[in-house]
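To start, the structure itself, in C-alpha coordinates.
The values are calculated or read from the model by the stated rules, or taken from the named source; none is laboratory data. These numbers were taken from a predicted model, which means no experiment stands behind them. Heads up, the Cβs are rebuilt from the backbone with ideal geometry, glycines too, and the neighbour counts pull from every protein chain shown.
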Amino acid sequence: MSTRTINSSLAIFIVGFPLWALHAQSQAPDKLVPLIPESGAVTAPLSVKAGETISFHIVLDKPSNAPRSYLSVGVTGPGPVSNSNSVLLEPGKTTYDVPITISPDAPGGTWQLTNVTVGTASGMHSSIIKFDSVSFLVIQDASFDFPSVAKVSINLSQSQLLRREAGNLQTKFQALKAAVSALPAKKGDASIAKILRQNTLDAERALEKTEEDFLGLVSTQSQKPTASIFFGDLHITYQQALEKLRASSDLGPHVENVAQNTQYPLLADPVFRAFEQNELAYETVADAGALTFDLEVNTIPQGAAVSYRRRGDSFEHLQNVTNSAIKALPYAIWFVRFEKTGFETIEREHDPFHERNHVITVEMHSETKKSAN
(Lines give C-alpha, C1' and ligand atoms only; values in the text may rest on other atoms or scores of the structure.)
Protein backbone atom coordinates (compact mmCIF):
# COMPACT_ATOMS: atom_id res chain seq x y z
CA MET A 1 0.00 0.00 0.00
CA SER A 2 2.79 2.35 0.89
CA THR A 3 4.64 1.40 -2.24
CA ARG A 4 1.65 2.20 -4.36
CA THR A 5 1.28 5.63 -2.76
CA ILE A 6 4.91 6.52 -3.38
CA ASN A 7 4.68 5.45 -6.99
CA SER A 8 1.51 7.48 -7.48
CA SER A 9 3.09 10.62 -6.03
CA LEU A 10 6.15 10.12 -8.20
CA ALA A 11 3.95 9.76 -11.28
CA ILE A 12 2.17 12.99 -10.48
CA PHE A 13 5.55 14.77 -10.11
CA ILE A 14 6.92 13.33 -13.34
CA VAL A 15 3.81 14.20 -15.34
CA GLY A 16 3.54 17.74 -13.86
CA PHE A 17 7.20 18.82 -14.33
CA PRO A 18 7.33 19.02 -18.16
CA LEU A 19 4.15 21.10 -18.31
CA TRP A 20 5.60 23.72 -15.94
CA ALA A 21 8.95 23.76 -17.66
CA LEU A 22 7.45 24.14 -21.13
CA HIS A 23 5.27 26.99 -19.96
CA ALA A 24 8.23 28.80 -18.43
CA GLN A 25 10.32 28.32 -21.56
CA SER A 26 7.49 29.58 -23.81
CA GLN A 27 7.29 32.81 -21.77
CA ALA A 28 11.04 33.46 -21.46
CA PRO A 29 11.77 34.73 -25.01
CA ASP A 30 9.24 37.60 -24.70
CA LYS A 31 10.87 38.70 -21.46
CA LEU A 32 14.51 38.44 -22.60
CA VAL A 33 14.36 39.75 -26.23
CA PRO A 34 13.00 43.32 -26.62
CA LEU A 35 10.58 44.06 -29.42
CA ILE A 36 12.20 46.71 -31.70
CA PRO A 37 10.57 48.36 -34.79
CA GLU A 38 12.30 47.66 -38.11
CA SER A 39 10.56 49.90 -40.68
CA GLY A 40 8.31 52.92 -40.90
CA ALA A 41 6.56 55.47 -43.09
CA VAL A 42 7.90 59.04 -42.94
CA THR A 43 6.26 62.25 -44.19
CA ALA A 44 7.40 65.86 -43.85
CA PRO A 45 6.61 69.35 -45.22
CA LEU A 46 8.10 70.17 -48.61
CA SER A 47 9.95 73.26 -47.36
CA VAL A 48 11.00 75.17 -44.26
CA LYS A 49 12.67 78.53 -43.67
CA ALA A 50 16.07 78.66 -42.03
CA GLY A 51 15.60 79.30 -38.33
CA GLU A 52 12.26 77.47 -38.20
CA THR A 53 11.31 73.92 -37.16
CA ILE A 54 10.36 71.07 -39.47
CA SER A 55 8.42 68.07 -38.09
CA PHE A 56 8.80 64.50 -39.38
CA HIS A 57 5.66 62.36 -38.99
CA ILE A 58 6.78 58.75 -38.49
CA VAL A 59 4.58 55.63 -38.31
CA LEU A 60 6.54 52.58 -37.12
CA ASP A 61 5.68 49.05 -38.13
CA LYS A 62 5.33 48.02 -34.48
CA PRO A 63 5.74 49.48 -31.02
CA SER A 64 8.87 49.00 -28.94
CA ASN A 65 8.71 47.24 -25.60
CA ALA A 66 12.34 47.94 -24.73
CA PRO A 67 12.77 50.10 -21.63
CA ARG A 68 14.04 53.67 -22.16
CA SER A 69 14.12 53.44 -25.95
CA TYR A 70 14.36 56.42 -28.29
CA LEU A 71 13.45 57.33 -31.88
CA SER A 72 16.17 59.43 -33.54
CA VAL A 73 16.19 61.19 -36.92
CA GLY A 74 19.00 62.95 -38.76
CA VAL A 75 19.06 65.33 -41.73
CA THR A 76 21.86 66.52 -44.01
CA GLY A 77 22.06 69.65 -46.16
CA PRO A 78 24.48 71.23 -48.65
CA GLY A 79 27.99 71.77 -47.46
CA PRO A 80 27.47 69.26 -45.97
CA VAL A 81 25.77 70.35 -42.76
CA SER A 82 23.63 68.17 -40.53
CA ASN A 83 21.21 68.19 -37.62
CA SER A 84 19.33 65.61 -35.54
CA ASN A 85 16.84 65.08 -32.73
CA SER A 86 15.34 62.27 -30.64
CA VAL A 87 12.06 61.52 -28.83
CA LEU A 88 11.29 58.97 -26.12
CA LEU A 89 9.22 55.98 -27.25
CA GLU A 90 6.07 55.08 -25.37
CA PRO A 91 4.72 51.54 -24.77
CA GLY A 92 2.22 50.44 -27.43
CA LYS A 93 2.62 53.62 -29.50
CA THR A 94 3.74 53.56 -33.16
CA THR A 95 3.08 57.13 -34.35
CA TYR A 96 5.45 59.98 -33.53
CA ASP A 97 6.27 63.53 -34.65
CA VAL A 98 9.97 64.38 -34.39
CA PRO A 99 10.83 68.09 -34.71
CA ILE A 100 14.18 69.41 -35.97
CA THR A 101 15.04 73.11 -35.81
CA ILE A 102 17.01 74.31 -38.83
CA SER A 103 19.76 76.74 -37.83
CA PRO A 104 19.20 80.41 -38.82
CA ASP A 105 22.51 80.39 -40.73
CA ALA A 106 21.84 77.06 -42.45
CA PRO A 107 22.52 77.01 -46.20
CA GLY A 108 19.54 77.10 -48.50
CA GLY A 109 18.83 74.27 -50.91
CA THR A 110 17.71 70.65 -50.85
CA TRP A 111 18.12 68.71 -47.61
CA GLN A 112 17.69 64.96 -47.07
CA LEU A 113 16.38 62.82 -44.24
CA THR A 114 19.40 60.54 -43.93
CA ASN A 115 18.67 58.25 -40.98
CA VAL A 116 15.91 57.03 -38.68
CA THR A 117 16.94 54.75 -35.82
CA VAL A 118 15.39 53.17 -32.73
CA GLY A 119 17.52 52.13 -29.79
CA THR A 120 17.78 51.89 -26.04
CA ALA A 121 19.56 54.54 -23.98
CA SER A 122 22.22 52.03 -22.98
CA GLY A 123 22.97 51.20 -26.61
CA MET A 124 22.45 47.47 -25.96
CA HIS A 125 19.63 47.25 -28.55
CA SER A 126 19.10 49.30 -31.72
CA SER A 127 17.54 49.12 -35.15
CA ILE A 128 18.01 51.15 -38.33
CA ILE A 129 14.52 51.91 -39.60
CA LYS A 130 13.86 51.34 -43.27
CA PHE A 131 12.00 54.23 -44.96
CA ASP A 132 11.40 55.74 -48.38
CA SER A 133 13.55 58.70 -49.39
CA VAL A 134 12.44 62.06 -47.95
CA SER A 135 13.78 65.45 -49.07
CA PHE A 136 12.78 69.03 -48.29
CA LEU A 137 13.79 72.54 -49.28
CA VAL A 138 15.43 74.95 -46.82
CA ILE A 139 14.74 78.58 -47.73
CA GLN A 140 17.55 80.94 -46.71
CA ASP A 141 16.49 84.56 -47.18
CA ALA A 142 19.53 86.12 -45.53
CA SER A 143 23.04 86.61 -46.85
CA PHE A 144 26.01 86.66 -44.52
CA ASP A 145 29.10 88.84 -44.78
CA PHE A 146 32.10 88.10 -42.63
CA PRO A 147 35.11 90.36 -42.13
CA SER A 148 38.14 89.03 -43.97
CA VAL A 149 40.49 91.87 -43.11
CA ALA A 150 40.93 94.18 -40.17
CA LYS A 151 42.41 97.59 -39.56
CA VAL A 152 45.97 97.29 -38.28
CA SER A 153 46.52 99.96 -35.62
CA ILE A 154 49.80 101.19 -34.19
CA ASN A 155 50.50 101.98 -30.54
CA LEU A 156 51.56 105.31 -29.04
CA SER A 157 55.24 104.39 -28.90
CA GLN A 158 55.25 103.49 -32.59
CA SER A 159 53.47 106.72 -33.47
CA GLN A 160 56.02 108.75 -31.52
CA LEU A 161 58.87 106.92 -33.25
CA LEU A 162 57.50 107.75 -36.70
CA ARG A 163 57.02 111.42 -35.81
CA ARG A 164 60.56 111.64 -34.49
CA GLU A 165 61.98 110.01 -37.61
CA ALA A 166 59.90 112.29 -39.83
CA GLY A 167 61.57 115.24 -38.09
CA ASN A 168 65.02 113.71 -38.51
CA LEU A 169 64.38 113.08 -42.18
CA GLN A 170 63.21 116.64 -42.71
CA THR A 171 66.42 117.95 -41.11
CA LYS A 172 68.57 115.75 -43.37
CA PHE A 173 66.55 116.82 -46.40
CA GLN A 174 67.09 120.51 -45.68
CA ALA A 175 70.81 119.91 -45.23
CA LEU A 176 70.94 118.03 -48.53
CA LYS A 177 69.22 120.84 -50.42
CA ALA A 178 71.63 123.34 -48.92
CA ALA A 179 74.62 121.21 -49.92
CA VAL A 180 73.40 120.83 -53.49
CA SER A 181 72.62 124.50 -53.95
CA ALA A 182 75.99 125.50 -52.48
CA LEU A 183 77.98 123.60 -55.11
CA PRO A 184 79.64 125.86 -57.68
CA ALA A 185 78.27 125.44 -61.16
CA LYS A 186 81.69 124.50 -62.50
CA LYS A 187 81.74 121.39 -60.36
CA GLY A 188 79.17 119.85 -62.71
CA ASP A 189 76.90 116.87 -62.26
CA ALA A 190 79.52 114.43 -60.96
CA SER A 191 79.86 116.08 -57.57
CA ILE A 192 76.12 116.60 -57.27
CA ALA A 193 75.43 112.96 -58.13
CA LYS A 194 77.94 111.82 -55.50
CA ILE A 195 76.28 113.89 -52.76
CA LEU A 196 72.81 112.77 -53.79
CA ARG A 197 73.78 109.11 -53.90
CA GLN A 198 75.50 109.16 -50.51
CA ASN A 199 72.60 110.92 -48.83
CA THR A 200 70.13 108.42 -50.31
CA LEU A 201 72.19 105.48 -49.09
CA ASP A 202 72.40 107.05 -45.61
CA ALA A 203 68.65 107.62 -45.61
CA GLU A 204 68.03 103.99 -46.55
CA ARG A 205 70.22 102.76 -43.70
CA ALA A 206 68.31 105.04 -41.34
CA LEU A 207 65.07 103.55 -42.69
CA GLU A 208 66.30 100.04 -41.86
CA LYS A 209 67.04 101.14 -38.28
CA THR A 210 63.60 102.78 -38.01
CA GLU A 211 61.92 99.60 -39.24
CA GLU A 212 63.86 97.53 -36.72
CA ASP A 213 62.89 99.86 -33.87
CA PHE A 214 59.25 99.93 -35.04
CA LEU A 215 59.00 96.14 -35.13
CA GLY A 216 60.54 96.01 -31.68
CA LEU A 217 57.53 97.96 -30.42
CA VAL A 218 54.80 95.74 -31.96
CA SER A 219 51.98 94.82 -29.62
CA THR A 220 50.73 91.88 -31.72
CA GLN A 221 52.51 89.54 -34.11
CA SER A 222 49.78 90.10 -36.70
CA GLN A 223 51.08 93.66 -37.15
CA LYS A 224 54.45 92.56 -38.54
CA PRO A 225 53.40 91.53 -42.10
CA THR A 226 51.61 94.85 -42.66
CA ALA A 227 54.51 96.82 -41.19
CA SER A 228 56.90 94.99 -43.51
CA ILE A 229 54.81 96.07 -46.52
CA PHE A 230 54.77 99.69 -45.34
CA PHE A 231 58.54 99.89 -44.81
CA GLY A 232 59.19 97.80 -47.90
CA ASP A 233 57.39 100.39 -50.00
CA LEU A 234 59.57 103.15 -48.52
CA HIS A 235 62.66 101.12 -49.46
CA ILE A 236 61.36 100.94 -53.03
CA THR A 237 61.09 104.73 -53.10
CA TYR A 238 64.79 105.10 -52.24
CA GLN A 239 65.83 102.32 -54.62
CA GLN A 240 63.96 103.88 -57.52
CA ALA A 241 65.60 107.23 -56.75
CA LEU A 242 69.04 105.58 -56.92
CA GLU A 243 68.16 103.92 -60.24
CA LYS A 244 67.02 107.21 -61.75
CA LEU A 245 70.14 108.92 -60.40
CA ARG A 246 72.32 106.29 -62.00
CA ALA A 247 70.46 106.50 -65.30
CA SER A 248 70.71 110.30 -65.35
CA SER A 249 74.43 110.22 -64.58
CA ASP A 250 75.01 107.88 -67.51
CA LEU A 251 73.46 110.41 -69.90
CA GLY A 252 76.22 112.96 -69.27
CA PRO A 253 76.21 116.62 -68.12
CA HIS A 254 72.91 118.32 -67.34
CA VAL A 255 71.70 121.86 -67.30
CA GLU A 256 72.24 123.17 -63.78
CA ASN A 257 68.89 124.94 -63.52
CA VAL A 258 66.24 122.95 -65.34
CA ALA A 259 63.28 125.16 -64.55
CA GLN A 260 63.23 128.89 -64.14
CA ASN A 261 61.54 128.65 -60.75
CA THR A 262 64.07 126.31 -59.10
CA GLN A 263 67.69 126.50 -58.05
CA TYR A 264 68.22 122.75 -58.09
CA PRO A 265 69.36 120.58 -61.01
CA LEU A 266 67.13 118.00 -62.63
CA LEU A 267 69.47 115.30 -61.33
CA ALA A 268 68.32 116.00 -57.75
CA ASP A 269 64.61 115.73 -58.47
CA PRO A 270 64.09 111.94 -57.88
CA VAL A 271 66.13 112.03 -54.68
CA PHE A 272 64.31 115.07 -53.32
CA ARG A 273 60.98 113.41 -54.12
CA ALA A 274 62.04 110.27 -52.25
CA PHE A 275 62.92 112.26 -49.12
CA GLU A 276 59.66 114.19 -49.27
CA GLN A 277 57.62 111.04 -49.91
CA ASN A 278 59.03 109.05 -47.01
CA GLU A 279 58.83 111.98 -44.58
CA LEU A 280 55.16 112.35 -45.50
CA ALA A 281 54.64 108.58 -45.15
CA TYR A 282 55.86 108.66 -41.55
CA GLU A 283 53.57 111.58 -40.74
CA THR A 284 50.55 110.03 -42.47
CA VAL A 285 50.72 106.73 -40.59
CA ALA A 286 51.39 108.50 -37.29
CA ASP A 287 48.38 110.77 -37.84
CA ALA A 288 46.14 107.86 -38.88
CA GLY A 289 47.25 105.69 -35.96
CA ALA A 290 47.13 102.73 -38.31
CA LEU A 291 49.13 100.91 -40.94
CA THR A 292 46.09 100.34 -43.17
CA PHE A 293 43.36 102.29 -44.94
CA ASP A 294 40.21 101.54 -46.97
CA LEU A 295 40.21 102.53 -50.64
CA GLU A 296 36.84 103.20 -52.29
CA VAL A 297 36.73 102.19 -55.96
CA ASN A 298 33.91 103.56 -58.12
CA THR A 299 33.20 103.46 -61.84
CA ILE A 300 30.68 105.01 -64.20
CA PRO A 301 28.91 102.76 -65.05
CA GLN A 302 29.16 100.41 -62.10
CA GLY A 303 29.98 96.70 -62.25
CA ALA A 304 33.64 96.78 -63.25
CA ALA A 305 36.04 94.10 -62.04
CA VAL A 306 38.82 95.47 -59.85
CA SER A 307 42.39 94.28 -59.39
CA TYR A 308 45.19 95.99 -57.52
CA ARG A 309 48.90 95.66 -56.85
CA ARG A 310 51.75 97.30 -55.07
CA ARG A 311 54.92 98.39 -56.84
CA GLY A 312 56.84 95.25 -57.80
CA ASP A 313 53.92 92.86 -57.14
CA SER A 314 51.41 91.13 -59.41
CA PHE A 315 47.74 92.09 -59.56
CA GLU A 316 45.31 90.66 -57.01
CA HIS A 317 41.59 90.50 -57.81
CA LEU A 318 38.97 92.11 -55.59
CA GLN A 319 36.02 89.79 -54.92
CA ASN A 320 33.40 92.52 -55.36
CA VAL A 321 32.83 94.65 -58.46
CA THR A 322 32.40 98.41 -58.38
CA ASN A 323 31.16 100.29 -56.60
CA SER A 324 32.90 98.81 -53.58
CA ALA A 325 35.96 99.18 -51.37
CA ILE A 326 39.32 97.50 -50.95
CA LYS A 327 39.50 97.01 -47.20
CA ALA A 328 42.57 97.35 -44.98
CA LEU A 329 45.19 98.10 -47.62
CA PRO A 330 48.65 98.61 -46.09
CA TYR A 331 49.91 102.17 -46.50
CA ALA A 332 51.85 102.06 -49.76
CA ILE A 333 51.55 103.26 -53.34
CA TRP A 334 49.00 101.12 -55.17
CA PHE A 335 47.97 100.61 -58.78
CA VAL A 336 44.31 99.80 -59.39
CA ARG A 337 42.94 98.33 -62.62
CA PHE A 338 39.29 98.50 -63.76
CA GLU A 339 37.93 96.05 -66.36
CA LYS A 340 34.43 95.70 -67.78
CA THR A 341 33.25 93.86 -70.89
CA GLY A 342 32.72 96.28 -73.75
CA PHE A 343 34.80 99.03 -72.11
CA GLU A 344 38.43 100.07 -72.17
CA THR A 345 40.64 98.84 -69.34
CA ILE A 346 41.68 101.70 -67.06
CA GLU A 347 44.54 101.77 -64.55
CA ARG A 348 45.04 104.37 -61.84
CA GLU A 349 47.75 105.02 -59.26
CA HIS A 350 46.78 105.83 -55.70
CA ASP A 351 49.30 107.52 -53.40
CA PRO A 352 47.71 107.43 -49.92
CA PHE A 353 50.28 109.85 -48.54
CA HIS A 354 49.32 112.69 -50.89
CA GLU A 355 45.67 111.69 -51.49
CA ARG A 356 44.08 111.51 -48.06
CA ASN A 357 40.47 110.93 -49.18
CA HIS A 358 41.27 107.41 -50.48
CA VAL A 359 38.66 107.38 -53.26
CA ILE A 360 39.15 106.50 -56.92
CA THR A 361 36.31 107.24 -59.34
CA VAL A 362 36.77 106.61 -63.06
CA GLU A 363 34.50 106.96 -66.06
CA MET A 364 34.63 103.90 -68.30
CA HIS A 365 34.76 104.47 -72.07
CA SER A 366 33.25 101.96 -74.48
CA GLU A 367 35.56 100.14 -76.86
CA THR A 368 33.23 100.94 -79.81
CA LYS A 369 33.63 104.66 -79.15
CA LYS A 370 37.42 104.24 -79.14
CA SER A 371 37.43 102.35 -82.45
CA ALA A 372 35.14 104.97 -84.03
CA ASN A 373 37.61 107.70 -83.08
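Could you list, in sequence order, all residues of the stretch 338-361 that are surrounded by fewer than 17 Cβ atoms within 10 Å (Cβ to Cβ) and part of a strand (DSSP E or B)? Spell out how you get there, then give the answer.
Step one: list which residues in the stretch 338-361 are surrounded by fewer than 17 Cβ atoms within 10 Å (Cβ to Cβ), which gives 341-342, 344-345, 347-349, 351, 354-359, 361.
Answer for the stretch 338-361, where residues must be surrounded by fewer than 17 Cβ atoms within 10 Å (Cβ to Cβ) and part of a strand (DSSP E or B): Glu347, Arg348, Glu349, Val359, Thr361.
Limited to the stretch 117-143, what total is found for residues that are outside any strand (DSSP E or B) and more than 42 Å from the chain's Cα centre (by Cα)?
Just the residues of the stretch 117-143 that are outside any strand (DSSP E or B), to begin with: 121-125, 129, 131-134, 140-143.
When the remaining residues are screened for being more than 42 Å from the chain's Cα centre (by Cα), the result is 122, 124-125.
Of the residues in that region, 3 qualify.
Which ranges mark the strands (runs of 3 or more DSSP E) fully within the stretch 63-110 that have 2 or more residues being modelled with pLDDT under 90, loosely packed, with under 15 Cβ neighbours inside 10 Å and assigned by TED's automatic domain parsing to the domain that holds Val134?
Numbers: elements: 69-77, 81-88, 95-101.
Where strands (runs of 3 or more DSSP E) fall fully within the stretch 63-110, none carries at least 2 residues being modelled with pLDDT under 90, loosely packed, with under 15 Cβ neighbours inside 10 Å and assigned by TED's automatic domain parsing to the domain that holds Val134.
Can you name every residue in the stretch 273-312 that is touching a helix residue (DSSP H, G or I) at 6+ places or on another chain (Cβ under 7 Å), surrounded by 17 or more Cβ atoms within 10 Å (Cβ to Cβ), of a type outside the set (A, V, I, L, M) and not in a strand (DSSP E or B)?
Selection gives Phe275, Gln277, Asn278, Glu279, Tyr282, Glu283.
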